[in-house]
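Engineer: Below is a structure I'd like to ask you about.
What follows is calculated from the coordinates using simple rules that are stated; it is not laboratory data. Just so it is clear, the structure is predicted and the values come from calculations on it, not from any experiment. Cβ atoms come from the backbone with ideal geometry, glycine included; neighbour counts cover every protein chain shown.
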Amino acid sequence: MDYQFKDIEKKWQQFWADNHTFKAENKTDKPKYYVLDMFPYPSGAGLHVGHPLGYIASDIFARYKRLKGFNVLHPMGYDSFGLPAEQYAIQTGQHPAVTTEDNIATYRRQLDQIGFSFDWSREVRTSEAGYYKWTQWIFMQLFNSWYNKDADKAVSITDLVAHFESKGSAGINAVCDEEILSFTAEEWKAFTEQEQQAELLKYRLTYLRESTVNWCAALGTVLANDEVKDGFSERGGYPVEQKKMMQWSMRITAYAQRLLDGLDTIDWPEPLKEMQRNWIGKSVGASVKFPLDKSTHLAGLSADYIEVFTTRVDTVFGVTFMAIAPEHELVAALTTPEQKNDIEAYIAKTKKKSELDRMADTKTVSGAFTGSYVLNPLNGEKIQLWIADYVLAGYGTGAVMAVPSGDQRDYLFAKHFDLPIVPIIDIQNIETEADPTKEGKYINSEFMNGLDYKAGTAAVIAKLEEIGAGKAKVNFRMRDAIFGRQRYWGEPVPVYFKDGLPYLIDESELPLILPEIDKYLPTETGEPPLARATGWSYKNQESRDKKQEEGFSYELSTMPGWAGSSWYWYRYMDANNSEEFASQEAIEYWKAVDLYIGGSEHATGHLLYSRFWNKFLKDIGKTPEEEPFKKLINQGMIQGRSNFVYRLFLQSGEELERNFDEINKGKPLFVSAKYANEILSTKILPIGYTKETSFKDILIGQLGKDALSEHVVDNSLFVQKLHVDVNIVNNEVLNIEAFKKWRPEYAEADFVLEDGKYICGWEVEKMSKSKYNVVNPDDLIERYGADTLRMYEMFLGPLEQSKPWNTNGIEGVFKFLRKFWRLFHDADWNFNVSNAEPSKAELKSLHKIIQKVEQDVERFSFNTSVSSFMIAVNELTELKCNKRAILQDLVITLEPYAPHICEELWVLLGNEAGTISYATYPKFNPAYLVEDEFSYPISINGKMKTNIALSLSLGNDEIEATIRAHADVLKYLDGKEPKKVIVVKGRIVNIVA
RNA sequence: GCUCAGAUGGUGGAACUGGUAGACACGCAGGACUUAAAAUCCUGUUCCCGUAAACGGAGUGCGGGUUCGAUUCCCGCUCUGAGUACCA
């Protein structure tokens, strides 16, 4: 039979499901290998052709590893909590759980069609109670932990309490809030429970704190930093403003250094690591305290100094003013009555600016003088104190010691406001701009004068420490992550409130189930949707004792989208465990993900949070590895490739603008791409022009005389470029009949063709419905089958490169599979394989591909092995090879790429159904590739001229002698004696003439 | 602005440690089969000169360099894409 991909693929997909072919065991004597894909958010749109790219690559890898004798864990699941389902619920009233379920069903159907070797018995869904129970459990562990800097790890909060009880707050070196109390053991014990809890909250790894958040009014929720782009929400593009709110946060900053260090130990793409490094943003410098000049109106102020962070503490003698953020908490207190108007006007201006276009306009210098002064801690010099919006409240201390001679922003500011600029290095050139050099010797710097950068920095830090005015300090750009969303469709936080303070519910009460509510909107009083749940409150012995009928109220915000995805790879190890998030045994066996494939858009979100939770789980002894994803590959984005048709109006643009609706109803005329381009480049001119260049003859020539009266209005040409559905365009040729059906208003349209065809234009754009460039994998599977789709997606180019999707060329892959099928069949499509001994040439073809696939898969170069398979099949077809000894091994090597056809042929070859997945990858034998002759390329002065076949047994001298005497070579040399002959054995001969 | 990645025929791409640039595939052109079309098969296909072949010349974004030899290494530049953006 001819290659019947539909029957074959359906049959084997069913077989794999029925026989649990890809079920992985948690214990075998085989070595383990864990291949993970970033699990999808099941959106309503289903999969487009770009989604499976990474899944296909990981599936090929997983199948290959099985053939290589590994016990492979290759699971799949759904990140099923999230905003889109909830937005949809708000619009339609449908429960997000229902739409999510539907979407998952669609995803599953689409994934099954592609023939992935997932172990579905381990499927996880983050929105299921059996899963989010453990997300809540991890939250509780975080709540019960603090970060001990001395031990450099998270430890139990009970240890902290014990310390407080015996020694008070002395000797604690923690990552914690800034405004912690100092107290003795006695004082601690004298605290009320409420006071103790309030203090402990400042240490917990997840904590509640009034913090500035990204508030998105349109979505009714706060967003994480990585969910905000240029002041707008990443999802939906709604404006985001800064707002102070009581919020759950995760103390990820405690792990900043470890997150940074870990990057050096993992095999990830360098750009991705770089993005994380930038996000963490470590800078080494010093903090310096500048005393306030209290000889003035500031006498009564409680604050004594302003602290700054600087990476160039060596330039402290060049400080000529100080700038603080307009939002700085001391601004009001520091402003003198005379400056009050200026300052208030400036603050009002910056507020408006940050709302409108915060990202534009970084060039304009602006600021206002407070009227107050600080003193340089080293020489007591009086320094003006300004506010300026180039100082960010959220970075460092929100204050900058300005050194105009060394920093360009400070320089521009000083020039603009006529402030002094003091050079502090002898070779500094500050005529036109700041000079941040570290070379040269210090000047104008008292005790530092004459020192170089290294010695100067050490000296100034020593001095600052000595007088208590500063110290060396490391600063991180990364902030603690906000961990609450005022939304419904997420994990409930397992916390209730008593006397305004949060307490964990009892572990035995997990999971805290997401309650039903009537509407998925905030309440009238602005509380999150969960406030709508009736009778949803925490009742325990205490509430009953206190005769609180209604119990304690639960936390009403839910967890953010990244909560469930920050640990899911552990759940796959033991997905159905109801006692633990995964058994110690399973975790000990699988340890960490060996290969993780996904998009780089998760660089600073998911991948950072996951590393953070992983480190925490390791600290509390639940998991063994410091890093969760040993190797990571970013698959490139699949961009859209749009097609265009060109509608031509034979009238002026002004007329069209005036009367477009009316004109648009007229009979449409479309011109092929060539004509559109020539019209746009004015190679073709309107009707009135000379014969050679006028559009008139083209029009009459193709559409007849009547076309003139039908289309021509005046002597103008106007081209309108319109998107056309890529699915009715084949190799840029428009299917005109399909086009007329696609848009009824074009049913009567006329077309000006080139070579009898309508050629469309094309461009690379985002893949989106509105651009009609979405290609659905279902359609391609229907036409060519899953094996073809799998191989074509790989054939498209290197996995990590972004590329536009273009279905042109898929035929070639389909033809290859058919040709492969034909190797096993005679002219009448009867299965026909011989047991004859293979020839040398056949063995060579086979072993070339065995070696090639091995090398390619190991370096994730899947596109090149597809080409090599084509070469192998072309060669074997040429050799008319139908020998079992060759074909059986070939089937195994192709199985990871095209599993269905290979399963079918495997069984036709007489093997047991389902066993190919665990067959042994054929052993490469280099002996079959050995040649005894090589066709040497002969170049003269580096230019290839001819080939001469020589035995490989010849030595360099023999080769040179033969070449020098060869007739062809003598002809090229034209009697001249070569200056030099370079012989590289088995490679090339180069003659220098 | 900074950081990173990339630039090879009409198109997607190959060339792995410096050694025959353009593998493989699409498209296109010509041919076979067919009443015809589709499908299939065969041949050609980097560009320029030339009727064609032999042959000759140019050629991996641009300009230099190292080398017997450079798509590959080095220096400078242009363009494209991604990330980031007053980070003190």
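Engineer: Quick check: net charge around A:P922, other residues with Cβ under 10 Å of its Cβ, Lys/Arg +1 and Asp/Glu -1?
Structural biologist: For residues surrounding A:P922, the net value is -1.
Engineer: Ok, one more. Using only Cα atoms, find the angle between the long axis of helix A:884-894 and the longest principal axis of chain A, and express it within 0 to 90 degrees, rounded to the nearest 10.
Structural biologist: Orientation of helix A:884-894: about 30 degrees from the principal axis.
Engineer: According to the Kirkwood expression over distinct Cα-Cα pairs, how big is the hydrodynamic radius of the stretch A:931-992, in Å?
Structural biologist: 11.5 Å
Engineer: As a check on your grasp of the helix formula, calculate [θ] at 222 nm for chain A: sum -39500 (n - 2.57) over DSSP H runs of n ≥ 4, divide by the residue count, round to the nearest 500.
Structural biologist: Value at 222 nm, helices only: -10000 deg cm²/dmol.
Engineer: Under 19 Å Cα to Cα from A:K149, which aspartates and glutamates show up? Leave out anything in the same chain fewer than 8 places away.
Structural biologist: Within reach: A:D159, A:D177, A:E178, A:E179, A:E199, A:D261, A:D480, A:D619, A:E626.
Engineer: In square nanometres, what is one fourth of the surface area of the convex hull spanned by the alpha carbons of the stretch A:809-928?
Structural biologist: That works out to 7.4 nm².
Engineer: Using a/c under 1.5 as the rounded threshold, could you call the stretch A:349-476 rounded, prolate or oblate? The axes a ≥ b ≥ c are square roots of the C-alpha gyration tensor eigenvalues, and prolate needs a/b larger than b/c, oblate otherwise.
Structural biologist: Prolate, since a/c reaches 1.5 and a/b exceeds b/c.
Engineer: What number comes out for the charge environment of A:I901, summing +1 per Lys or Arg and -1 per Asp or Glu over other residues with Cβ under 14 Å away?
Structural biologist: Every neighbour counted, the sum reads +2.
Engineer: Compute the semi-axes of the equivalent ellipsoid of the stretch A:1-118, taking the square root of 5 times each eigenvalue of the Cα gyration tensor, and list them largest first in whole Å.
Structural biologist: 30, 19, 12
Engineer: Grab the Cα-Cα distance for A:E165 and A:D499, subtract it from 0.36 nm times how many residues apart they are, and report the gain in nm with one decimal.
Structural biologist: 118.0 nm
Engineer: Next question, about the same structure. Using Cα positions and a limit of under 19 Å, work out the lysines in reach of A:K441, with same-chain residues fewer than 8 apart set aside.
Structural biologist: Within the straight-line limit of under 19 Å, A:K441 reaches these lysines: A:K454, A:K463.
Engineer: Please give every one of the lysines within straight-line cross-link reach of A:K979, meaning a C-alpha to C-alpha distance under 20 Å, and leave out same-chain neighbours fewer than 8 residues apart.
Structural biologist: Leaving aside lysines fewer than 8 places away in the same chain, those within reach of A:K979 are A:K943, A:K945, A:K971.
Engineer: Still on this model: Going by average Cβ neighbours within 10 Å, how do the peptides A:914-923, A:893-902 rank, with the highest at the top?
Structural biologist: The packing order, highest mean first, is A:893-902, A:914-923.
Engineer: Okay, next question. Let me check against my output: what whole-number percent is the relative contact order of the stretch A:429-494, with C-alpha pairs under 8 Å and at least 6 apart?
Structural biologist: 15 percent
Engineer: Let me ask something additional. Looking at the stretch A:910-993, which GluC sites (Glu not before Pro) are in a loop (DSSP not H, G, I, E or B) and have at most 12 other Cβ atoms within 10 Å?
Structural biologist: Answer by residue number: A:E912, A:E931.
Engineer: Counting other Cβ atoms within 10 Å, keep those with at most 10, restrict to DSSP loop, and tell me which chymotrypsin sites (Phe, Trp or Tyr not before Pro) in the stretch A:278-327 are left.
Structural biologist: Within the stretch A:278-327, no chymotrypsin sites (Phe, Trp or Tyr not before Pro) qualify (loop, at most 10 other Cβ atoms within 10 Å).
Engineer: Please compute the net charge surrounding A:E25, taking Lys and Arg as +1 and Asp and Glu as -1 over other residues with Cβ under 11 Å from its Cβ.
Structural biologist: Local charge sum for A:E25: +2.
Engineer: Taking 35 Å as R0, compute the FRET efficiency from the Cβ-Cβ separation of A:Y453 and A:R859 and round it to 0.05.
Structural biologist: 0.20
Engineer: Moving on to the next point. May I ask you to derive the relative contact order of chain A, considering only C-alpha pairs under 8 Å and at least 6 residues apart, and to give it as an integer percent?
Structural biologist: Across chain A, relative contact order equals 13 percent.
Engineer: Separate question: Starting at 0 and stepping by 5 Å, how many percent of the alpha carbon pairs of the stretch A:696-812 end up in each bin?
Structural biologist: 2, 8, 15, 18, 18, 13, 9, 7, 5, 4, 1
Engineer: Sticking with this one: Tilt of helix A:786-795 relative to the longest C-alpha principal axis of chain A, in degrees (0 to 90, nearest 10)?
Structural biologist: The two axes meet at around 70 degrees.
Engineer: Cut-off 15 Å, label point 7 angstrom out along Cα-to-Cβ of A:A151: give me the residues of the stretch A:608-630 whose amide nitrogen falls inside.
Structural biologist: It comes to A:616-623, nothing else.
Engineer: Moving to a separate point now. Suppose every Lys and Arg Cβ carries +1 and every Asp and Glu Cβ carries -1, with no other charges. What dipole size does the stretch A:408-493 come out with about its Cα centre, to the nearest 20 debye?
Structural biologist: Using Cβ point charges on Lys, Arg, Asp and Glu, the stretch A:408-493 gives about 580 debye.
Engineer: While we're here: I need the peptides A:967-978, A:203-214, A:428-439, A:808-819 ranked by packing, meaning the mean over residues of other C-beta atoms within 10 angstrom, with the highest value on top.
Structural biologist: A:203-214, A:808-819, A:428-439, A:967-978
Engineer: While we're on this one: What distance in nm lies between label points placed 7 Å from Cα along the C-beta direction at A:D755 and A:S182?
Structural biologist: 8.6 nm
Engineer: D for chain A, whole µm²/s, Stokes-Einstein with Kirkwood Rh over alpha-carbon pairs at 20 °C and 1.002 mPa s: what number?
Structural biologist: 62 µm²/s
Engineer: With a cut-off of at most 14 other beta carbons within 10 Å, and DSSP calling the residue loop, which GluC sites (Glu not before Pro) in the stretch A:721-791 qualify? Please list them.
Structural biologist: Loop-located and lightly packed - A:E748.
Engineer: Could I ask something else about it? Report, in degrees rounded to the nearest 10, the 0 to 90 angle that the Cα long axis of helix A:862-878 makes with the longest principal axis of chain A.
Structural biologist: 10 degrees
Engineer: Measure up A:K202/A:K546; A:K27/A:K923; A:K615/A:K803; A:K153/A:K547; A:K243/A:K771; A:K340/A:K498 against 31 Å on the Cα-Cα distance and list the ones that go over.
Structural biologist: Violating the 31 Å limit, Cα to Cα: A:K615/A:K803; A:K153/A:K547; A:K243/A:K771; A:K340/A:K498.
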